[in-house]
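The values are calculated or read from the model by the stated rules, or taken from the named source; none is laboratory data. What you are looking at is a predicted structure, and each value in this text was computed from that prediction instead of being measured. All Cβ positions, even for glycine, are placed from backbone atoms using ideal geometry, and neighbour counts span all protein chains on display.
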Amino acid sequence: MTAALKIEGLEKTYDNGFVALKGIDLTVEPGDFFALLGPNGAGKSTTIGIISSLVAKSAGKVSVHGVDIDQNFPLAKTHLGIVPQEFNFNVFEKVEDILTNQAGYYGIPRIDALRRTEHFLDRLGLTEKRDTRARMLSGGMKRRLMIARALIHSPKLLILDEPTAGVDIEMRRSMYDFLREINAAGTTIILTTHYLEEAEALCRNMAIINNGKIVTNRSIKDLLRDLHKEVFLLDCAGSLDLGLEVPGFELEVLDDHTVQVAIEKGQDLAEVFAALHAKQISVVSMRNEANRLEQMFVNLLEQPA
Amino acid sequence: MNHYEQYVAFMTIVRKEIRRYLRIWSQTLLPSAITMSLYYVIFGNLIGSRIGTMGGFSYMEFVVPGLIMMAIVTNSYANVVASFFGAKFNNSVEELLVSPIPPYVILCGYVAGGVSRGLLVAIIVTAVSLFFTRLPIYSPLLVILVVTLTAILFSLLGFINAVFANTFDDISIVPTFVLTPLTYLGGVFYSLDLLPDFWATVSQANPLVYVVSAFRFGMLGVTDVNISFAIGMILLCVIAAFSYSLHLLRTGKRLRT
């Protein structure tokens, strides 16, 4: 099957000598929901810039759904929808015009463009704002407008660069639902984000990029399986004894009702529950102390290159 | 993109451009009408009545074609430079750059927008001039040809300015310090015959001389320069400016990193 995105030996050195990409190889399969993670300045936006033609590559090959961008970039672009990190629409234009114009840039006749605009205004909850100038929209609405604009020509591959930055929780959740829906309908999605829980919640596969190199490229399940230690917080009924201990486990009582327990790979959490139960302590609820993916992310970035 | 899709993309840019300048008509259309009316009153009526005839026509009749051409030059240039630099400034130019539109379609779209504003202002200014004088037309075809070529040329020059501009100051420097002096010295208000030989020869290097003279010939049938040569020069400038603009878009100079 032809990959939705195939990157081979991609390099980028800017005019000032800064080497942003040092030979990236990446393959994203059709239908995937893929996360591209990395700290600031790692090379994520440069990679997206090259795919979208806004940045010229120094070396390497990029293909979008089998179309080499060096051979036929216009055709490759028809398969692509880009939601950049920064707002890049004319803030003095009306929401509706931004969408219909974008459809026109892809050669979609006006009647069809208006129909598509209607559809995406509705899907992204912007119908009431159709006649509003873009500068009057809230931050979340501007993000949704950019998603609608990126989808107006029905691309096979949607790339979102930090789409939920500055978006409130409620709107973020509705955006997640929408992205899951279009992914289920067949659109391949690549997401860059700083919210690691976002990648964990949405994506099946991920790559971590650091200093212009891919550090890892695996399924999120595989990555999480490799975690050696997880820390849980247990909320307990009744008052806890500060000297509480369970042999073989690293326990710390944080307050009268909360105990923190670290589980090494291979250990069974049920043993902790059993030990607590034996001491007449019942666990009311349980949660991760920190995002597991975040821990993995930090571990990977700390590895020597 | 096939030819029909390219046509749709072209019309989308043109429609967007026209809506832009119509939306802000008080900044784009009205100033020329007011400025030219003042020129007609002051230079044409008040001062012109004391100047007498020029090239066999009243001064008002002589100056009107030059003023119409001045309006076309400044408006077609201003439209493209402001619109394209604005798109660069707010990054909305990326909407076009990430799309599959061929560079020549983008260029033609912006130029068509500039030409349409130049022509619309020309119609407004011409209509205003009719309150002050009669307006003979010696060669309608030549008038249409010169107006269209001039509007295309200065739209292209505005595009080049916009590509190289980094700040809003950069898009006003050329009109203020280059375009306006060249226009004023390009025979809008006087016949080159009035100049001493040396300055008349120097004026031949001013491209605005050919534009104004060719248009005035189309209107009045009098000229300071050889018309075939003038048309040839304008055409040559259009080809050169178009080629260079297209090169800038294709290579992404100042647009891509």
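Residues that are of a type outside the set (V, I, T), in a helix (DSSP H, G or I) and at pLDDT 90 or above within the stretch A:142-170 comprise A:K142, A:R143, A:R144, A:L145, A:M146, A:A148, A:R149, A:A150, A:L151, listed in sequence order.
Can you pull out every residue in the stretch B:133-156 that is surrounded by fewer than 24 Cβ atoms within 10 Å (Cβ to Cβ) and within 30 Å of B:N91 (Cβ to Cβ)?
Start the filter on the stretch B:133-156 by keeping residues that are surrounded by fewer than 24 Cβ atoms within 10 Å (Cβ to Cβ), which leaves B:133-145, B:147-149, B:152.
The answer is B:I152, and nothing else.
Is at least one residue of the stretch A:111-134 facing chain B (nearest Cβ under 8 Å) and surrounded by fewer than 22 Cβ atoms within 10 Å (Cβ to Cβ)? Within the stretch A:111-134, none of the residues are facing chain B (nearest Cβ under 8 Å) and surrounded by fewer than 22 Cβ atoms within 10 Å (Cβ to Cβ). Of all residues in the stretch B:203-255, those satisfying the criterion of being within 14 Å of another protein chain (Cβ to nearest Cβ) and either touching a helix residue (DSSP H, G or I) at 6+ places or on another chain (Cβ under 7 Å) or without any contact (Cβ under 8 Å) to a residue 24 or more places away in the chain (or both) are B:L249, B:R250, B:T251, B:K253, B:R254, B:L255. Just to be sure before I move on: is B:V80 crowded, with 20+ Cβ neighbours inside 10 Å and closer than 27 Å to B:L30 by Cβ in the structure I sent? Judged against the criteria, B:V80 is a match.
Tell me which residues, restricted to the stretch A:42-73, are assigned to a helix (DSSP H, G or I) and either among the hydrophobic types (A, V, I, L, M, F, W, C) or crowded, with 17+ Cβ neighbours inside 10 Å (or both). Even if it seems obvious, please write down each step before you answer.
The initial filter retains those residues of the stretch A:42-73 that are assigned to a helix (DSSP H, G or I), namely A:44-52, A:69-73.
Once the filter is applied, which keeps residues that are assigned to a helix (DSSP H, G or I) and either among the hydrophobic types (A, V, I, L, M, F, W, C) or crowded, with 17+ Cβ neighbours inside 10 Å (or both), the stretch A:42-73 yields A:K44, A:S45, A:T46, A:T47, A:I48, A:G49, A:I50, A:I51, A:S52, A:I69, A:F73.
Contact map, the stretch A:76-97: residues that are within 7 Å of another protein chain (Cβ to nearest Cβ) paired with residues that are among the aromatic types (F, W, Y) and assigned to a loop (DSSP other than H, G, I, E, B), Cβ distance under 8 Å, separation 6+ or inter-chain. Pairs shown: A:T78/A:Y106.
Looking for whichever is under 28 Å from B:L246 (Cα atoms) and either within 18 Å of the chain's Cα centre (by Cα) or crowded, with 22+ Cβ neighbours inside 10 Å (or both) here; the options are B:I160, B:I124. Which one fits? Explain how you work it out, then say what you get.
Values: B:I124 fails: under 28 Å from B:L246 (Cα atoms).
Testing whether each residue is under 28 Å from B:L246 (Cα atoms) and either within 18 Å of the chain's Cα centre (by Cα) or crowded, with 22+ Cβ neighbours inside 10 Å (or both) leaves just B:I160.
Which of the residues belonging to the stretch B:163-180 are surrounded by 14 or more Cβ atoms within 10 Å (Cβ to Cβ) and assigned to a loop (DSSP other than H, G, I, E, B)? Hit for the stretch B:163-180 is B:A165, nothing else. For the stretch B:1-12, the set of residues classified as buried (at least 17 other Cβ atoms within 10 Å of the Cβ) and facing chain A (nearest Cβ under 8 Å) consists of B:M1, B:E5, B:Q6, B:V8, B:A9, B:T12, listed by residue number.
Restricting B:T53, B:T74 to residues that are more than 14 Å from chain A (Cβ to nearest Cβ), more than 21 Å from B:T183 (Cα to Cα) and of a type outside the set (F, W, Y) narrows the list to B:T53.
Do any strands (runs of 3 or more DSSP E) entirely within the stretch A:202-285 hold 1 or more residues that are outside the structural domain of A:P163 (by TED's automatic domain parsing) and modelled with pLDDT of 85 or more, and if so, which? Give the steps one after another, and end with the answer.
Working: elements: A:205-210, A:213-219, A:229-237, A:250-253, A:258-264.
By residue number, A:229-237, A:258-264.
Scanning the stretch B:182-202 for residues that are at pLDDT 85 or above and more than 22 Å from B:I51 (Cβ to Cβ) yields a single hit, B:L182.
The number of residues in the stretch B:85-102 being within 23 Å of the chain's Cα centre (by Cα) and either of a type in the set (G, A, S) or facing chain A (nearest Cβ under 7 Å) (or both) comes to 2.
The single condition among (1) farther than 30 Å from B:A165 by Cβ; (2) within 16 Å of the chain's Cα centre (by Cα) that B:T201 does not meet is (2). The number of residues in the stretch B:207-257 that are more than 14 Å from B:L157 (Cα to Cα), out of contact with any Phe, Trp or Tyr (no Cβ under 6 Å at 6 or more places or on another chain) and among the hydroxyl-bearing types (S, T, Y) comes to 5. Against the conditions (1) of a type in the set (A, V, I, L, M); (2) modelled with pLDDT under 80; (3) surrounded by fewer than 19 Cβ atoms within 10 Å (Cβ to Cβ), A:L196 satisfies every one except (3). Among residues of the stretch B:171-189 that are among the small types (G, A, S), those with a beta-carbon under 8 Å from a residue that is at pLDDT below 85 at least six positions away or on a different chain give the pairs B:G186/B:S203; B:G187/B:S203; B:G187/B:D224.
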